[in-house]
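K.L.:
What follows is a single structure, and I will ask about it in a moment.
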Amino acid sequence: MIALSAFLTSGIGSFDTTYDVIWRSWAAPLHPQWAEGIDERVRYIVVHVRLARICLALAVGGSLALAGAVYQGVLLNPLADPFTLGVSTGAAFGASLYILFGWAGGHFWGMSSLPIAAFLGALAALYLVYALGRVDGQIHTTTLILAGIIVSTFLSAWIGVLKSLNEDSVSTIVFWVMGSLSGKSWGHVLLVLPYLVAGGAVILYYARELDLLTLGDVPAQQLGVDVQQIRFRLMLAASLVTAAAVSVSGVIGFVGLVVPHLVRLGLGPHHRRLLPAVFLAGAVLLLMSDTLARSSLPNGQELPVGVVTAILGGPFFCYLMLHRKKYLQL
């Protein structure tokens, strides 16, 4: 399904080419003779521009959906996702600070350190949300979402301040707020993958414990789960995956909210099969949204993909709010 979606969407856009050329360009590394007769400029666009963007859309969409499933399971809140909890905006704020101070070319252990800055911003936002959502020493799921909206709005305002402080970085920082995959390359794909693999491995490792956490703290403890430790590790892993995605795509909302619900309706709540399916569904959803974003306007103009996902996800969010009693339990 992933390969078919990638192949079909690769032929859509302002640059018109045939699927025969696309297939031969993709297969050229295995059989160089298949690329004979294809203009090098066309081949470069097909492989290094469009295919790279498709792969990045798949990685980012899968990451956001995976993080959303973890947040919903850990917090027992069907409205929890990286966007509504303010984690995406926190990651964007950390990345914006990083860009403002001119550190965007730094590396850590051979990898770009931009996701690290985004990760620290995501953790700071998550801490603020927890602090605001705690009432009498208890975390209330209803107030947690309200706290996430407050923190997200507050950090969005500070991102606006950062834009005003440095006119040269305005266009770059605006990208973080709107969400876009335009102009991305294989370097951005390679930037996301290490963090996605690390965070995803932790999440999948604790899939059974995540099932038990959805029963509630007391039943999970009775079944031998160290609730506080497991929750902490899962939240860290989900925040790392979110931060890596946001560091290359900006803030893209609703993917982490909509996809886990739709997949859960079809496959049930067991996370060993739910998490891989959520990742794949999120990847396809963002790929389709990005294809719509880059092909819906004339003359090669593009919509921010964050706008497309908001248009698609907004009605679903409203539906959840109107039917919150039905979906209160995961």
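K.L.:
Give me the distance between the Cα centres of the stretch 183-235 and the stretch 3-37, rounded to whole Å.
P.N.:
36 Å
K.L.:
Then there's this: Work out the length of the dipole vector of the chain about its Cα centre, built from +1 on the beta-carbon of each Lys and Arg and -1 on the beta-carbon of each Asp and Glu, and round it to the nearest 20 debye. Kindly include the intermediate steps, with their values, before the conclusion.
P.N.:
Numbers: 18 positive and 15 negative charges, 113 e Å.
Once rounded to the nearest 20, the dipole reads 540 debye.
K.L.:
Something else now. Take the Cα of ILE149, step 7 Å along the line toward its Cβ, and report every residue of the stretch 68-91 whose backbone nitrogen sits under 12 Å from that point.
P.N.:
Residues 84-85 qualify, since their backbone N sits under 12 Å from the label point.
K.L.:
So if I place +1 on the C-beta of Lys and Arg and -1 on the C-beta of Asp and Glu, and nothing else carries charge, what would the dipole magnitude of the stretch 215-323 be about its Cα centre? I want it in debye, nearest 20.
P.N.:
Working: 6 positive and 4 negative charges, 45 e Å.
Its charge dipole is roughly 220 debye.
K.L.:
Please identify, among GLY160, GLY179, GLY68, the residue showing maximal mean-square fluctuation in a Gaussian network model of the chain using a 10 angstrom Cα cutoff.
P.N.:
The residue that fluctuates most here is GLY160.
K.L.:
Go through 20-27, 263-270 and give me the packing order, highest mean Cβ count within 10 Å leading.
P.N.:
20-27, 263-270
K.L.:
Still on this structure, please answer the following. Hey, can you find the accessible area per residue of the chain for me, probe 1.4 Å, expressed in square angstrom?
P.N.:
Numbers: 15440 Å² over 330 residues.
Per-residue accessible area for the chain comes out at 47 Å².
K.L.:
Listed highest first by mean packing, meaning other Cβ atoms within 10 Å per residue, what order do 199-210, 219-230 come in?
P.N.:
Numbers: 199-210: 19.1, 219-230: 13.7.
Ranking the peptides 199-210, 219-230 by packing returns 199-210, 219-230.
K.L.:
Here's something else I'd like to know. Per DSSP H run of n ≥ 4, the term is -39500 (n - 2.57); total these for the chain, divide by its residue number, and report the mean residue ellipticity at 222 nm rounded to 500 deg cm²/dmol.
P.N.:
Values: 15 runs with 226 residues, N = 330.
Here the helix-only value at 222 nm equals -22500 deg cm²/dmol.
K.L.:
Quick one: pull the percent of accessible area on the stretch 213-282 belonging to carbon and sulfur, 1.4 Å probe, ligands and nucleic acids left out.
P.N.:
On the way: 1690 of 2720 Å².
Of the solvent-accessible surface of the stretch 213-282, carbon and sulfur hold 62 percent.
K.L.:
For the chain, evaluate the Debye formula with one uniform point scatterer on each Cα (no solvent term) and list log10 I(q)/I(0) at q = 0.07, 0.16 Å⁻¹, rounded to two decimals.
P.N.:
Debye curve over Cα of the chain, log10 I(q)/I(0) at q = 0.07, 0.16 Å⁻¹: -0.29, -1.36.
K.L.:
Right, something else. Of ALA69, ALA237, HIS31, whose Cα points farthest to the positive end of the dipole of the chain (charges on the beta-carbon: +1 Lys, Arg; -1 Asp, Glu; origin at the Cα centre)?
P.N.:
Highest projection toward the positive end goes to ALA69.
K.L.:
How large a share of the accessible area of the stretch 1-135, in percent, is made up of carbon and sulfur atoms when the probe is 1.4 Å and the other protein chains stay in place?
P.N.:
Details: 4110 of 5900 Å².
C and S atoms contribute 70 percent here.
K.L.:
I've got another one for you. Over the chain, what is the relative contact order in percent, taking alpha-carbon pairs closer than 8 angstrom and at least six residues apart?
P.N.:
Numbers: 532 pairs, mean separation 96.7, N = 330.
This gives 29 percent for the chain.
K.L.:
Within 10 Å, count the other beta carbons around each residue, average over each peptide in 35-48, 293-306, 78-91, and list them highest first. It would help to have the intermediate numbers written out before the result.
P.N.:
On the way: 35-48: 13.6, 293-306: 16.3, 78-91: 30.1.
Ranked from most to least packed, the peptides come out as 78-91, 293-306, 35-48.
The values are calculated or read from the model by the stated rules, or taken from the named source; none is laboratory data. What you see is a predicted model; the values in this text were computed from it and never measured. Cβ sites come from the backbone with ideal geometry, for glycine too, and all protein chains shown count toward neighbours. Quick note on the areas: whole protein, heavy atoms, side chains included, nothing else; ligands and nucleic acids left out. Shrake-Rupley method; radii C 1.70, N 1.55, O 1.52, S 1.80 Å.
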